[in-house]
Amino acid sequence: MPSDAEKPFHASEFATLTTRVHREIERRILTGEIKAGEKIGEAALADSLGVSRGPVREAMRTLERSGLVTIIANRGAIVRSIGLDEVVCLYELRGTIFAYACERVARRYTEPMLATLREQVAGMEDAVARDELATYYRLNVEFHASLLEFSGNARARSIYEGVVKEMHLFRRRSLSKVPNVDASLAEHRDIMDAIERDDADAAREAGRLHVVHGCRRFLDTLDGTVAEERRDDTRRAAGATD
């Protein structure tokens, strides 16, 4: 099932006008329809959505609180643009939260939870075998979301989702891809193995390394000295090199 960020705008699906407007603007930002660094004109956007400027203005305030836009006096709202250093910091924060979620799931899972996670991993394995990367990516997102949900900590889940959204503001959109899916899939199996053994410490470490290695794989798609320096940082964070 597509995430809210990927869904087209259907007004009947949402409870209030402001919420509908907020989610549609967020969707446009996260899918790149409104690009990082771009100014968002209230009047033009309101006209395109068929609403007054009030709900758009309120939505901008919410998007500013979530870190997706910056509101500048006398200039209006601008979609945030983040650099490489910031996206690496977001990876680090994401890894801490994800590791915590994996540990929590290992301590409190139920059989239905395990069944869902196993089904998602099996689906990813099948997608890799069929070379269906779009399906793999969708299930990869669902697997991570399930672990955060099953952790039972709604606040951690909310922060995690906010971090992932901010990462989409990086000037290169390769963050939305999953390079080296075989390695990523093997790390998912490591997480599952630790959870099924009731080994919370191992689950935490497997979750942490999954994000650390994911960051390294992302940096490997970049060129330049800065990217190499950041790769060195993630190797030190992992505590070992591949």
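The values are calculated or read from the model by the stated rules, or taken from the named source; none is laboratory data. Nothing here was measured: the structure is a model prediction, and the numbers come from that model. Cβ: placed from backbone, ideal geometry, glycine included. Neighbour counts: every protein chain shown.
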Open item on the list: Test of understanding: among Glu24, Glu38, Glu42, Glu58, which residue is in contact with a Pro (Cβ under 9 Å, 6 or more places away or on another chain) and farther than 22 Å from His144 by Cβ?
Closed with: Glu24
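Let's see how each residue does on (1) surrounded by 15 or more Cβ atoms within 10 Å (Cβ to Cβ); (2) assigned by TED's automatic domain parsing to the domain that holds Gly41; (3) of a type in the set (Phe, Trp, Tyr); (4) in contact with a Cys (Cβ under 7 Å, 6 or more places away or on another chain):
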| site | (1), (2), (3), (4) |
| --- | --- |
| Gly67 | yes, yes, no, no |
| Phe98 | yes, no, yes, no |
| Ala101 | yes, no, no, no |
| Glu119 | no, no, no, no |
| His144 | yes, no, no, no |
| Leu147 | yes, no, no, yes |
| Ala154 | no, no, no, no |
| Glu161 | yes, no, no, no |
| Val164 | yes, no, no, no |
Task: Residue within segment 217-230 that is within 29 Å of Arg118 (Cβ to Cβ) and either modelled with pLDDT under 95 or buried (at least 19 other Cβ atoms within 10 Å of the Cβ) (or both) present - done: yes
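Let's see how each residue does on (1) under 30 Å from Arg208 (Cβ atoms); (2) in the same structural domain as Ile159 (by TED's automatic domain parsing); (3) modelled with pLDDT of 90 or more; (4) among the charged types (D, E, K, R):
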{"position": "Phe14", "(1), (2), (3), (4)": "no, no, no, no"}
{"position": "Gly32", "(1), (2), (3), (4)": "yes, no, no, no"}
{"position": "Glu64", "(1), (2), (3), (4)": "no, no, yes, yes"}
{"position": "Ala73", "(1), (2), (3), (4)": "no, no, no, no"}
{"position": "Val88", "(1), (2), (3), (4)": "yes, yes, yes, no"}
{"position": "Glu92", "(1), (2), (3), (4)": "yes, yes, yes, yes"}
Open item on the list: Within segment 18-29, does at least one residue satisfy the condition of being modelled with pLDDT under 90, loosely packed, with under 14 Cβ neighbours inside 10 Å, not β-branched (Val, Ile, Thr) and not assigned by TED's automatic domain parsing to the domain that holds Ala145?
Closed with: no
